[in-house]
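Peer 1: The structure is given below, and queries will be raised subsequently.
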Amino acid sequence: MGTSATHTSSVAAAKRPMTSNEKKIIFASSLGTVFEWYDFYLYGSLAVVIGAKFFGQFDETTRNIFALLAFAAGFLVRPFGALVFGRIGDLVGRKYTFLVTILIMGSSTFIVGVLPTSQSIGITAAIILISLRILQGLALGGEYGGAATYVAEHAPAGRRGFYTSWIQTTATLGLFLSLLVILSTQSSMSSADFQAWGWRIPFLVSIILLGVSVWIRLQLSESPAFLKMKAEGRHSKAPLSEAFGQWANAKWAILALLGLVAGQAVVWYSGQFYALFFLTSTLKVDGYTGNLLVAWSLAIGSGGFILFGWLSDKIGRKPIILGGCILAALTYFPTFRYIADTANPALSHAHESVKVVVVADPNDCSFQFNPTGLSKFTTSCDIAKGSLSRASVTYSQEDAAAGTPASVKIGDKTLDPKTGTFAKDLADALTAVGYPAAANPSVVKMANPFDIFRPQPFTLVLILAYLVVLVTMVYGPIAAALVELFPTRIRYTSMSLPYHIGNGWFGGLLPATVFAMNAQSGSLYFGLWYPVAIAAGTAVIGLLFLPETKDRDIFAGDSSVHPGDTVVEFDPNAADY
């Protein structure tokens, strides 16, 4: 009788409109998370400017290395933030934990906006900046799991995919907002003024967003399922050891990482971040145009987060997430080639018609994986390959006898990478055989934000929007899928760690890995095997080993309180994790 009443109530809740309180919960959780992603992306977008301001005592190469290292630190500490704040969230509560994370994130961002540069306080500026980046990464590691858990535990059964999909829009909206603020600031002043002081404005603006986010979150109540469990003394006293020290729970965290999150992460980073890097660094599209193209694609495709979250309530999480991984694995190679052919036709033509060869002793060549920017590649082979890769040149390699210094053959010229004029000689030789200059007239260029209604930029926006749609397929239902794998008592901790290992490491290291693979192979596309292989592997593991969870009762075994339901007596034998 109790089970029938619960089922009837759950069906009714799934069909009713969203209540005003549920809208407030979703808005507050999503707004705060948009703000935190906005903060996080600001640094990445302005890394070059920040490097010059806070590492100015070093030469240009070294300061760029340190700027990238500080950015990487924010990614690498995210799983530790998941452990710290996930544990607090399962011990103290969801609401107060992600209130703390937003205060840490917002304060750290605002301080960057007022922080004196290295010209004023020397090396202290760099130390404070890196410390702030670490705090931001830790806070972000605790934010997502709290927001996703909080919304899911307030959502009616049968609508968790739709409700949590609003949170999934936040990373894209945060990126979009950061690009919008940066572009607006740049367009309102001269380049010199922006470099001198204008770069601080996007960081300072964040204090307004912080105030609004904190005010809204303070009005929220704690998750009723968590409150009931805590009142009855059945919440976890040691969530870390219970989540990861017991195989019955730990195995689901491992499967969530390998069968859901790893593929989601590489598809997400490929579609939103590597696509921008590919345009601006590889295809030599100017930064203004590249940002506008990506911004338009995000505006067109971001509705897919909500669509696929809603659809996952109907057909399941796995078909959509794993389907997105499979589509990415099958289409990435032709898609990125099409982007290259459209964005910079002259460069693509040179790839097909010009033969460049690196002649080197194989033992002289390193795999140039350098996620932190601290590694040095100084052999003649490494210099040759690194220079060609950064110049977006495709090349082949011929093995030379042991101990033979590397050389680069371009047409009838042979270049020595160790000479002081190698960079100039390389540029001259490439131009002579048909490689275009960076500012060649065939490369796409937009004069203003609405200059997309020409064949070249319009086609690129559509291609990039397709990549965004793949992102929405894998990312829209992921919060619901993760929440449903774990019981309430350890849910915050259990879902946060695999999510942030996947996105912080598998996804965050994607640009460095792809560059290293491209440099090793001499192809601009070989590195795509990294996201393709991981996406395909995730599809296989998820298909074989993970259950479909859309109909799972996430409160079974721990609480009889279901948001929007008539309360009935809890049946401990109704379901089990």
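Peer 1: Out of Ala73, Ala82, report the one residue that is at pLDDT 75 or above and surrounded by fewer than 21 Cβ atoms within 10 Å (Cβ to Cβ). Don't jump to the end; show me each part of the working.
Peer 2: Numbers: Ala82 fails: surrounded by fewer than 21 Cβ atoms within 10 Å (Cβ to Cβ).
That would be Ala73, the only listed residue that is at pLDDT 75 or above and surrounded by fewer than 21 Cβ atoms within 10 Å (Cβ to Cβ).
Peer 1: Among the residues of the range 163-209, what is the count of those that are open to solvent by 40 Å² or more (accessible area, probe 1.4 Å) and in a helix (DSSP H, G or I)?
Peer 2: Residues flagged as open to solvent by 40 Å² or more (accessible area, probe 1.4 Å) and in a helix (DSSP H, G or I) within the range 163-209 amount to 21.
Peer 1: Just name the residue that is farthest from Met495 (Cα to Cα) out of those in the range 97-114 that are in contact (Cβ under 8 Å) with a residue 60 or more places away in the chain and open to solvent by 10 Å² or more (accessible area, probe 1.4 Å).
Peer 2: Within the range 97-114, the match that is farthest from Met495 (Cα to Cα) is Val114.
Peer 1: Residues in the range 407-434 that are part of a loop (DSSP other than H, G, I, E, B), open to solvent by 80 Å² or more (accessible area, probe 1.4 Å) and in contact (Cβ under 8 Å) with a residue 24 or more places away in the chain: how many?
Peer 2: Residues in the range 407-434 being part of a loop (DSSP other than H, G, I, E, B), open to solvent by 80 Å² or more (accessible area, probe 1.4 Å) and in contact (Cβ under 8 Å) with a residue 24 or more places away in the chain: 1 in total.
Peer 1: For Val11, which of the numbered conditions (1) at pLDDT 70 or above; (2) open to solvent by 50 Å² or more (accessible area, probe 1.4 Å) fails to hold?
Peer 2: (1)
Peer 1: Restricting attention to the range 295-304, and to residues there that are assigned to a helix (DSSP H, G or I) and at pLDDT below 90, which single residue is most open to solvent (accessible area, probe 1.4 Å)?
Peer 2: We begin by selecting, within the range 295-304, every residue assigned to a helix (DSSP H, G or I); these are 295-301, 303-304.
Those still in the list that are at pLDDT below 90 too: 295, 298-299.
On the way: Ala295: 14, Leu298: 3, Ala299: 65 Å².
My answer is Ala299.
Peer 1: Within the range 187-226, can you find the residues that are of a type in the set (Gly, Ala, Ser) and out of contact with any Phe, Trp or Tyr (no Cβ under 7 Å at 6 or more places or on another chain)? Spell out the reasoning first.
Peer 2: At the first step, the residues of the range 187-226 found to be of a type in the set (Gly, Ala, Ser) are 187-188, 190-192, 196, 198, 206, 211, 213, 221, 223, 225.
Correct list: Ser187, Ser188, Ser190, Ser191, Ala192, Ala196, Gly198, Gly211, Ser221.
Peer 1: Would you confirm whether any residue within the range 532-546 is closer than 30 Å to Val359 by Cα and modelled with pLDDT of 85 or more?
Peer 2: yes
Peer 1: Considering the range 396-419 alone, what residues qualify as being among the polar types (S, T, N, Q) and within 18 Å of Pro362 (Cα to Cα)?
Peer 2: Ser396, Gln397, Thr404, Ser407
Peer 1: So which residues in the range 65-101 are under 15 Å from Thr149 (Cβ atoms) and charged (D, E, K, R), if there are any at all?
Peer 2: Arg87, Asp90, Arg94, Lys95, listed by residue number.
Peer 1: Of the residues Asp361, Asp341, Asp382, Asp399, which is open to solvent by less than 10 Å² (accessible area, probe 1.4 Å) and among the acidic types (Asp, Glu)?
Peer 2: Working: Asp361 fails: open to solvent by less than 10 Å² (accessible area, probe 1.4 Å); Asp341 fails: open to solvent by less than 10 Å² (accessible area, probe 1.4 Å); Asp399 fails: open to solvent by less than 10 Å² (accessible area, probe 1.4 Å).
Only one candidate qualifies: Asp382.
Peer 1: Inside the range 442-458, can you point out the residues that are in contact with a helix residue (DSSP H, G or I) (Cβ under 8 Å, 6 or more places away or on another chain) and open to solvent by 40 Å² or more (accessible area, probe 1.4 Å)?
Peer 2: Residues satisfying the conditions are Lys445, Pro449, Gln456.
Peer 1: Within the range 230-242, is there a residue that is among the small types (Gly, Ala, Ser) and at positive phi? Even if it seems obvious, please write down each step before you answer.
Peer 2: Step one: filter the range 230-242 for residues among the small types (Gly, Ala, Ser), giving 231, 233, 236, 238, 241.
Subset that is at positive phi: 233.
Yes; the residues of the range 230-242 include at least one that is among the small types (Gly, Ala, Ser) and at positive phi.
Peer 1: Are any of the residues in the range 256-279 in a helix (DSSP H, G or I), without any contact (Cβ under 8 Å) to a residue 24 or more places away in the chain and within 22 Å of the chain's Cα centre (by Cα)?
Peer 2: yes
Peer 1: Still on this structure: Being of a type in the set (D, E, K, R), at pLDDT below 75 and closer than 20 Å to Phe486 by Cβ narrows it down to one residue among Asp558, Asp565, Asp551; which is it?
Peer 2: Just a single option satisfies the conditions, and that option is Asp558.
Peer 1: Restricting to the range 526-542, name every residue that is open to solvent by less than 20 Å² (accessible area, probe 1.4 Å) and touching a residue at least 24 places away in the same chain (Cβ under 8 Å).
Peer 2: Within the range 526-542, Leu528, Pro531, Val532, Ala535, Thr538, Ala539, Gly542 qualify.
Peer 1: A further question on this structure: Given the condition touching a Gly at 6+ places or on another chain (Cβ under 9 Å), in a helix (DSSP H, G or I), closer than 22 Å to Val514 by Cβ and of a type outside the set (Ser, Thr, Tyr), answer yes or no: does some residue in the range 382-394 qualify?
Peer 2: Within the range 382-394, one or more residues are touching a Gly at 6+ places or on another chain (Cβ under 9 Å), in a helix (DSSP H, G or I), closer than 22 Å to Val514 by Cβ and of a type outside the set (Ser, Thr, Tyr).
Peer 1: Looking at (1) farther than 28 Å from Ile167 by Cβ; (2) modelled with pLDDT under 85; (3) buried (at least 22 other Cβ atoms within 10 Å of the Cβ), which is the only condition Gln520 fails?
Peer 2: The single condition Gln520 does not satisfy is (3).
The values are calculated or read from the model by the stated rules, or taken from the named source; none is laboratory data. Being a predicted model, the structure only gives us computed values, none of them experimental. Cβ coordinates were reconstructed from backbone atoms using ideal geometry, including for glycine residues, and neighbour counts include every protein chain displayed. With ligands, DNA and RNA removed, areas are computed over all heavy atoms of the protein, side chains included. Shrake-Rupley method; radii C 1.70, N 1.55, O 1.52, S 1.80 Å.
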